[in-house]
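The values are calculated or read from the model by the stated rules, or taken from the named source; none is laboratory data. Keep in mind it's a predicted model, so treat the numbers as computed, not measured. With ideal geometry, Cβ positions are generated from the backbone for all residues, glycine too; neighbour counts draw on all protein chains shown. Heads up: the accessible areas ignore ligands, DNA and RNA and are worked out on the full protein's heavy atoms, side chains in. Shrake-Rupley method; radii C 1.70, N 1.55, O 1.52, S 1.80 Å.
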Amino acid sequence: MSSSSPVRAGGTRRWALVPLVLLLGLLASAVAAAFTGATAPLEPGLATAGEGVRWALPLLRVGHDVAAALTVGSLLLGSMLLPGTDRRATEGLDEPRRAAAYRIATFSGFAWALAALGVVILQFADLAGMPLTAPGFGASFVATAWAIEPLRIGLITAGCAAVAGTGAALARSRWTGIWLLAISLFGVVVLGLAGHAGGSAEHETAVNAIAVHLVTAAVWVGGLLALILLRRTAGRSLGVVVQRYSLVALWCFVALGVSGVMSASTRLDSPVELVTTRYGMLITVKIAAFVLLGVAGWRHRASTIARIDRAASAGDPPGRPFLRLAVGEVLLMGVTFGVATALARSAPPVPEVVPNPSAVLALTGFPAPPAPGTLSWLTTWRVEYLFLSAALLAIGLYLAGVLRLHRRGVSWPVGRTVGWLVGWLLFIWATNGFLGVYGRVAFSWHMTLHMLEAMVIPIFLVLGAPVTLALRTLKPRHDGTVGPRELILAIIHSRYVRVVGNPVFAGAFFFMSLVAFYWTGLFYLALTTHTGHVLMTVHFVLAGYFFAWVLIGVDPGPKKWRPALRLVVLFATISFHAFFGIAIVGGESVLAPDFFDVLHLPWVTDQLADQRLGGSIAWAIGELPSLLLALIVALQWARIDRAEMRRTDRQADRDNDAELAAYNARLAALARYDQAHRTPSP
């Protein structure tokens, strides 16, 4: 009994950190809400749900955010960062480190789900102006909650949290944990759509910034909190785990800083408001906390990791050097969470909604562009920070990989590098330039953008062979953790890739997605919502990438079909694509009429004629990429034949052409047999 008491006491002290973080967050949220007036009625004189609901909302959101972060962090550690104690037990529940992390994710996941549901109920009461005890409150909530976007997003988050908690209770492997981690991150990302930034004049910039902000904060804070709770479980591997987490935290720190600046720029007119407005003062508090956390992270990377390794080598408890600084960090993070929840309920200096917007601004979030001119292809730009950041990151990582190979003395084909750069530069122009602006309001330009994203850009990206480069440059991990290289290998050898890597499936998916997109409500959602627009762009590029990859890709994956069969699939798919263009040209009604018919652009006088022009563009532009794909497949076919001929010649040199000699001997034997059994002529 006495020997187990210290363990229980240590575990109790360890878990006491969670309510302490929560308490500090609640205090910070209450003080910040009182400072900005976040709990005051929005419109005096209107029916309200009561002061208790207005105060409970930011306070319950603190618990929601802490539980969400702990769920994400424990799944991250359990599935990727914690080494196994026994290599033979790395995939089962008999791995104690992973089981401990998943137990934390189970409890925090269910707490997150309950908190998310509570936030939705309080939000409904606040929006409807109904006290929780009002007659008919429950029936009204059930009838209308899903129809109100902020509440629908909250319910989606609650569902993701419940799946994460339930899945963590049943998980038996790292890869299940990785899937649950992805679901949890999705549950955090969608919350960015429910913040007041979503209704601001700079809608897309605000949504992108807050989504990145929420995800990186959850990974950073949750990872550190889970690491403190699991430090004893990690044992002498704590140094490895801290080192791996430190790299993740560094990426989160950079992304959090950039997204924070972008988010603040959509809410403040000038930096002066950081000290002249109450809202800006709270942002200043967050900036100060961010700087202090950055200094603490630098201390970890500079000295703490080495001290942990020295303590483990000396036989001392390895967690003591790490714990002193980490606890202070996570407590400061709790305060920051509290301030952030109060900010989310506070009115920023910049108005959230533009008064009396035009039809174009109301539907797309952007003012109507002028009629395109001769130089508009080059002079029209509107920065899409999400796509621009993704493209620049992809280019930077690729060039870093090429440079690493060069330093090793390994050459990398210049043509592949050029293909990758051209593909992403085209992507930047398509999403941030002329087509990104006019493709949001005119069908013909939208179709041009679609064809570029789905049929041109993917060809150059596939020719860049990014997976091959990653596998050559990323170092394998031998400490039992999962890194980018292990993830890539797991993906390319997964059942999913075996399915999408089938040329027939890739071609059918490429074509059927066109039909499903344009002749359903998905097209309208992509035109009128930021989420739909982002998902549309990602889908077009990925669908085109997989189709080009199964035809001309050199990256590892499922066994490639013979070139002749790949050409058959290509020609069949392009034939269906031509029918798609013809169907649009011959259409008698406007697609997404609730969008195009209300724009009233002076330079688009006939929407149906513009739509038919878009169908012609789809038909015409599709031919050129198809010809390029066919030429590349033919060149690969010729290269395969030449390689086979060289292999055959080398084999003949080694064995004195034994294969040809055997073939001639067989022919001679057949001739002798035929001569011996030939029937004499009468």
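Couple of notes before you dig in:
- The helices (runs of 4 or more DSSP H) located wholly in the range 79-175 that include 3 or more residues which are modelled with pLDDT under 95, open to solvent by 70 Å² or more (accessible area, probe 1.4 Å) and more than 30 Å from residue 233 (Cβ to Cβ) occupy 137-144.
- For first residues located in the range 603-616 and under 16 Å from residue 369 (Cα atoms), partners that are buried (at least 18 other Cβ atoms within 10 Å of the Cβ) and lie 6+ apart or on another chain with Cβ distances below 7 Å form the pairs 604/442; 604/610.
- Pairs, first under 13 Å from residue 304 (Cα atoms) in the range 235-249, second open to solvent by 30 Å² or more (accessible area, probe 1.4 Å) and part of a helix (DSSP H, G or I), C-beta under 7 Å, six or more apart: 238/231; 239/309; 246/301
- One residue stands out in the range 468-487 among those that are in a helix (DSSP H, G or I) and touching a Pro at 6+ places or on another chain (Cβ under 9 Å): the one that is most open to solvent (accessible area, probe 1.4 Å), namely 485.
- Residue 98 being over 30 Å from residue 531 (Cα atoms) and in contact with a Lys or Arg (Cβ under 9 Å, 6 or more places away or on another chain): yes
- Meets criteria (within 17 Å of residue 108 (Cα to Cα), open to solvent by 30 Å² or more (accessible area, probe 1.4 Å) and under 21 Å from the mean Cα position of the chain (by Cα)) for residue 219: no
- The helices (runs of 4 or more DSSP H) falling completely within the range 548-627 that include 3 or more residues that are at pLDDT below 90 and either farther than 22 Å from residue 464 by Cα or in contact with a helix residue (DSSP H, G or I) (Cβ under 7 Å, 6 or more places away or on another chain) (or both) map to 563-585, 607-621.
- Lone qualifier among 505, 523 - being in contact (Cβ under 8 Å) with a residue 12 or more places away in the chain and either under 27 Å from residue 598 (Cβ atoms) or in contact with a helix residue (DSSP H, G or I) (Cβ under 8 Å, 6 or more places away or on another chain) (or both): 523
- Test: residue 445 is in a helix (DSSP H, G or I), in contact with a Phe, Trp or Tyr (Cβ under 8 Å, 6 or more places away or on another chain), open to solvent by 10 Å² or more (accessible area, probe 1.4 Å) and farther than 30 Å from residue 584 by Cβ: no
- Qualifying residue in the range 423-440 (condition: closer than 30 Å to residue 78 by Cα, part of a loop (DSSP other than H, G, I, E, B) and open to solvent by less than 10 Å² (accessible area, probe 1.4 Å)): no
- Within the range 531-545, the residues that satisfy the criterion of being open to solvent by 30 Å² or more (accessible area, probe 1.4 Å), farther than 9 Å from residue 454 by Cα and without any contact (Cβ under 8 Å) to a residue 40 or more places away in the chain are 535, 538.
- For the range 572-586, filtered to residues that are over 20 Å from residue 613 (Cβ atoms) and in contact (Cβ under 8 Å) with a residue 40 or more places away in the chain, the residue that is most open to solvent (accessible area, probe 1.4 Å) is 576.
- Screening residue 193 on (1) touching a residue at least 60 places away in the same chain (Cβ under 8 Å); (2) surrounded by 22 or more Cβ atoms within 10 Å (Cβ to Cβ) shows it passes everything except condition (2).
- For the range 357-377, the count of residues that are closer than 23 Å to residue 463 by Cα and crowded, with 19+ Cβ neighbours inside 10 Å is zero.
- Test: residue in the range 346-356 that is of a type outside the set (A, V, I, L, M, F, W, C), touching a residue at least 12 places away in the same chain (Cβ under 8 Å) and at positive phi: no
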